[in-house]
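Student: To start, I am sharing the structure in question, which I have written as structure tokens.
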Amino acid sequence: MESSGGSAEAPGRGPRVLVVGGGIAGLGAAERLCRHPAFWQLRVLEATARAGGRIRSERKFGGVVEMGAQWIHGPSKGNPVFQLAAQYGLLGEKELSEENQLVELGGHVGLPSVSYASSWQRLSLELVADMASLFYSLLDQTREFLHVAETPVPSVGEFLRREIGQQAAEWTEDEETRKLRLAVLSTFFHLECCVSGTHSMDRVALGPFGEYTMLPGLDCTFSGGYEGLTGCILTSLPKDVMVFNKPVKTIHWNGSFREEAVPTEMFPVLVECEDGACFAAHHVILTVPLGFLKEHLDTFFQPPLPPEKAEAIGRMGFGTNNKIFLEFEEPFWEPECQFIQVVWEDMSPLENARLELQDAWFKKLVGFLVLPAFESAHVLCGFIAGLESEFMETLSDEEVLMSLTQVLRRMTGDPRLPAPRSVLRSRWHSAPYTRGSYSYVAVGSTGDDIDTLAEPLPAGGTGTQLQILFAGEATHRTFYSTTHGALLSGWREAERLISLQPRPWL
Ligand SMILES: Cc1cc2nc3c(=O)[nH]c(=O)nc-3n(C[C@H](O)[C@H](O)[C@H](O)COP(=O)(O)OP(=O)(O)OC[C@H]3O[C@@H](n4cnc5c(N)ncnc54)[C@H](O)[C@@H]3O)c2cc1C
């Protein structure tokens, strides 16, 4: 496979395009290209046996649960996932209502219905609401540092802790209440780690944090499963476009490759798969997760990526957020309960306690979302981020079930609380073609790194010279980490290629 510079596509035949990855970014790009007559030579190479990537709905407990994406964040007119879901008829009346679309929550997570502390007490919801209000008002203040040349501290976590420390010094309550307040704040820190997909808010850069953009609308879900959306896009593609179980090993670019079937034509890119199959192409739209790119950077591109792109990938953040579903025969919670918060009284954001993974991984769990009751099952969905979440992936189902049963017994003060009937959890960090959950802007990185990652190769290339185009959630500067960011990025790169096509009237 010799490298000898780029080559242009044969006139009149249309370019051959490969999309790598069949998540919503890849499917969105393929769907756009398929609508254009020039792109009839299109393939989507997907490593696994299914489409959807981090959108993954599973039939379980007599219903559907989401292992990955759960909500349409900001479901309103400006959100392409909302628009597409509405077009496909996947949303209900309430989700589509104007009223729902106008709600502005500014990214704040709703209050819990009940908050349990580790010493068997139910916490006053007033105290929890006070702490939520403090936490989210400080989080809103981080926007003041957007685009400032130098921030007072590098990370969101340090900023929040500094402010909380100052305020806590003026609290006049007794020591016990003070400790409780800090413990509740610690749970909000852990919740924000889930939202940001990071181990610690100390890893999230303060300056660029406000660049993430929230759309209006009350977050909503798909009653039939999020995967219905990627399923609809998939169905709209011509049959032979998707190639499953084709993990790509190396992308050879800046070359001149010939294919036996078309010996007269030269292609600048050759995509080599793990099973030895090779696909030549004029353009590749790469949508693999940032976690995968970080792990395989040294071998995935031949020649290697230009240093500025490789360094941007190194600086960018990609962490883990997992879900743990617990199935109960009977609910132990009240009928109107929506979220059960768990608070560890020995935790404080002002103390840098390192959790021993083996003994205390579950202390990072923020609580449980109560799923709408299935026919014969009652299901809670726990959320846990960071290294503790990655450690949880290494445990057996029995170990996880046992630990969480103990947590719930301790929190409710009921030593006979029936154990869950079964457990199901995501393992996004161990997933070889994902290696985590989603991206964030890490300390030492800025939104410019996102743009650098999104730049096509070769750098400064124009027209038919564009060889590798980059899409996926981590390439969207203001909507990273979301399904709508991913979809928009796929459309962006498809449009980039479409714009290179000669217009019939020119
Ligand atoms: C637990 C969790 C909860 C989430 N919750 C939400 C939410 O509520 N709302 C929201 O908007 N977003 C949420 N997200 C984020 C959202 O799911 C993602 O941002 C989005 O789905 C990413 O789409 P993508 O196409 O960029 O990547 P992916 O969906 O990861 O698609 C990439 C595809 O590339 C494939 N691939 C990887 N390597 C190779 C290779 N070498 N060769 C071929 N194929 C390869 C993968 O198998 C995968 O199918 C959540 C994610 C997780 C993990």
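Student: Looking at (1) in a helix (DSSP H, G or I); (2) at pLDDT 95 or above; (3) farther than 30 Å from P304 by Cβ, which is the only condition D359 fails?
Tutor: (2)
Student: Now, a different point. Which is within 22 Å of the chain's Cα centre (by Cα), surrounded by fewer than 21 Cβ atoms within 10 Å (Cβ to Cβ) and not basic (K, R), of S430, S437?
Tutor: S430
Student: Can you list residue pairs whose Cβ atoms sit under 7 Å apart, with the first residue in the stretch 291-316 being closer than 19 Å to G436 by Cα and the second being among the polar types (S, T, N, Q) and part of a helix (DSSP H, G or I)? Count only pairs 6 or more apart in sequence or on different chains.
Tutor: What qualifies is A312/T452.
Student: Hey, another quick one. For residues that are in contact with a Cys (Cβ under 9 Å, 6 or more places away or on another chain) and near the ligand (Cβ under 8 Å from one of its atoms), tally how many sit in the stretch 48-72.
Tutor: 4
Student: Quick check on this structure: which one of R492, R503 is basic (K, R) and farther than 27 Å from C220 by Cα? Show your work before the answer.
Tutor: On the way: R492 fails: farther than 27 Å from C220 by Cα.
It is R503.
Student: Working carefully through the options L401, L424, find the one that is within 27 Å of E329 (Cα to Cα), within 15 Å of the ligand (Cβ to nearest atom) and of a type outside the set (D, E, K, R).
Tutor: That would be L424, the only listed residue that is within 27 Å of E329 (Cα to Cα), within 15 Å of the ligand (Cβ to nearest atom) and of a type outside the set (D, E, K, R).
Student: Name the residues in the stretch 139-170 that are exposed (fewer than 13 other Cβ atoms within 10 Å of the Cβ) and among the aliphatic types (A, V, I, L, M), would you?
Tutor: Within the stretch 139-170, V148, A149, A169 qualify.
Student: Taking the conditions exactly as written (within 18 Å of T483 (Cα to Cα), polar (S, T, N, Q) and surrounded by 13 or more Cβ atoms within 10 Å (Cβ to Cβ)), does Q87 satisfy them or not?
Tutor: Answer is no for this residue.
Student: Right, here's the next one. Which condition does E93 not pass, out of (1) within 23 Å of the chain's Cα centre (by Cα); (2) loosely packed, with under 15 Cβ neighbours inside 10 Å, if it passes all the others?
Tutor: In the conditions (1) within 23 Å of the chain's Cα centre (by Cα); (2) loosely packed, with under 15 Cβ neighbours inside 10 Å, E93 misses (1) alone.
Student: Having 3 or more residues that are out of contact with any Cys (no Cβ under 7 Å at 6 or more places or on another chain) and closer than 24 Å to I72 by Cβ is the bar; report the strands (runs of 3 or more DSSP E) wholly within the stretch 395-501 that clear it.
Tutor: Passing ranges, in order: 438-440.
Student: Right, here's the next one. If a residue counts only when it is buried (at least 24 other Cβ atoms within 10 Å of the Cβ), which strands (runs of 3 or more DSSP E) contained entirely in the stretch 277-322 have at least 2 such residues?
Tutor: Passing ranges, in order: 283-286, 317-319.
Student: At least 1 residues that are more than 27 Å from R435 (Cα to Cα) and either touching a strand residue (DSSP E or B) at 6+ places or on another chain (Cβ under 6 Å) or among the small types (G, A, S) (or both) in each: list the helices (runs of 4 or more DSSP H) lying fully within the stretch 48-122 that qualify. Write out each step before concluding.
Tutor: Working: elements: 80-87, 93-96, 98-102.
Qualifying helices (runs of 4 or more DSSP H): 80-87, 93-96.
Student: Okay, next question. Can you find a residue in the stretch 432-442 that is more than 14 Å from the ligand (Cβ to nearest atom), among the hydrophobic types (A, V, I, L, M, F, W, C) and under 25 Å from T475 (Cβ atoms)?
Tutor: Our first condition is that a residue be more than 14 Å from the ligand (Cβ to nearest atom); within the stretch 432-442, this holds for 441-442.
Now restrict to residues that are among the hydrophobic types (A, V, I, L, M, F, W, C): 441-442.
From what is left, the residues that are under 25 Å from T475 (Cβ atoms) are 441-442.
Yes, the stretch 432-442 contains at least one residue that is more than 14 Å from the ligand (Cβ to nearest atom), among the hydrophobic types (A, V, I, L, M, F, W, C) and under 25 Å from T475 (Cβ atoms).
Student: Which of the residues spanning the stretch 164-184 are basic (K, R) and over 14 Å from F135 (Cβ atoms)?
Tutor: R178, K179
Student: What's the total number of residues in the stretch 475-488 that are closer than 10 Å to A25 by Cβ and more than 7 Å from the ligand (Cβ to nearest atom)?
Tutor: Looking only at that region, the number is 4.
Student: Only one of these is more than 11 Å from the ligand (Cβ to nearest atom) and more than 20 Å from the chain's Cα centre (by Cα): C273, C278. Name it.
Tutor: C278
Student: Still on this structure: Determine, yes or no, whether T198 is of a type in the set (V, I, T), loosely packed, with under 14 Cβ neighbours inside 10 Å and modelled with pLDDT of 95 or more.
Tutor: Criteria not met by T198.
Student: May I ask you to list the residues in the stretch 362-380 that are surrounded by 20 or more Cβ atoms within 10 Å (Cβ to Cβ) and part of a strand (DSSP E or B)?
Tutor: Correct list: G367, F368, V370, H378, V379, L380.
Student: Please find, among F244, F257, the residue that is surrounded by fewer than 20 Cβ atoms within 10 Å (Cβ to Cβ) and either farther than 19 Å from D449 by Cα or within 11 Å of the ligand (Cβ to nearest atom) (or both).
Tutor: F244
Student: Can you pull out every residue in the stretch 489-502 that is within 16 Å of the ligand (Cβ to nearest atom) and of a type in the set (S, T, N, Q)?
Tutor: Matches in the stretch 489-502: S489 only.
Student: Does the stretch 28-81 hold any residues that are touching a Lys or Arg at 6+ places or on another chain (Cβ under 7 Å) and either without any contact (Cβ under 8 Å) to a residue 40 or more places away in the chain or closer than 30 Å to R503 by Cβ (or both), and which are they?
Tutor: Q41, L45
Student: Looking at the structure I just gave you, is E66 within 21 Å of the chain's Cα centre (by Cα), buried (at least 21 other Cβ atoms within 10 Å of the Cβ) and not aromatic (F, W, Y)?
Tutor: Values: within 21 Å of the chain's Cα centre (by Cα): yes; buried (at least 21 other Cβ atoms within 10 Å of the Cβ): yes; not aromatic (F, W, Y): yes.
For E66, the condition - within 21 Å of the chain's Cα centre (by Cα), buried (at least 21 other Cβ atoms within 10 Å of the Cβ) and not aromatic (F, W, Y) - is met.
Student: Please determine whether any residue of the stretch 208-218 is near the ligand (Cβ under 10 Å from one of its atoms) and assigned to a loop (DSSP other than H, G, I, E, B). Even if it seems obvious, please write down each step before you answer.
Tutor: Taking the stretch 208-218 as the starting set, the residues that turn out to be near the ligand (Cβ under 10 Å from one of its atoms) are none.
Looking for residues that are near the ligand (Cβ under 10 Å from one of its atoms) and assigned to a loop (DSSP other than H, G, I, E, B), one finds none in the stretch 208-218, hence no.
Student: Could you please find all residues in the stretch 323-344 being of a type outside the set (D, E, K, R), farther than 20 Å from S389 by Cα and assigned to a loop (DSSP other than H, G, I, E, B)?
Tutor: P331, F332, W333, P335, C337, Q338
Student: Show the residue pairs meeting these rules: Cβ distance below 6 Å; 6+ apart or different chains; first residue within the stretch 429-443 and free of Cβ contacts under 8 Å to residues at least 60 places away in the same chain; second residue surrounded by fewer than 21 Cβ atoms within 10 Å (Cβ to Cβ).
Tutor: S430/E393
Student: Tell me, yes or no, whether the stretch 125-138 has at least one residue that is surrounded by fewer than 20 Cβ atoms within 10 Å (Cβ to Cβ), within 23 Å of the chain's Cα centre (by Cα) and within 24 Å of P75 (Cα to Cα). Walk me through it before giving the result.
Tutor: Initial filter on the stretch 125-138 (surrounded by fewer than 20 Cβ atoms within 10 Å (Cβ to Cβ)): 125-127, 129-130, 133-134, 136-138.
This time we only want the ones that are within 23 Å of the chain's Cα centre (by Cα), so: 136.
Then drop every residue that is not within 24 Å of P75 (Cα to Cα), which leaves 136.
Yes, the stretch 125-138 contains at least one residue that is surrounded by fewer than 20 Cβ atoms within 10 Å (Cβ to Cβ), within 23 Å of the chain's Cα centre (by Cα) and within 24 Å of P75 (Cα to Cα).
Student: Which one is nearest to the chain's Cα centre (by Cα) among residues in the stretch 240-269 that are within 16 Å of T299 (Cα to Cα) and assigned to a strand (DSSP E or B)?
Tutor: Narrowing the stretch 240-269 to residues within 16 Å of T299 (Cα to Cα): 247-254, 269.
Now restrict to residues that are assigned to a strand (DSSP E or B): 248-252, 269.
Values: V248: 21, K249: 23, T250: 24, I251: 24, H252: 28, V269: 29 Å.
Ranking the qualifying residues of the stretch 240-269, first place goes to V248.
The values are calculated or read from the model by the stated rules, or taken from the named source; none is laboratory data. Keep in mind it's a predicted model, so treat the numbers as computed, not measured. Don't worry about glycine lacking a Cβ; one is built from the backbone with ideal geometry, like all the others, and counts go over all protein chains shown.
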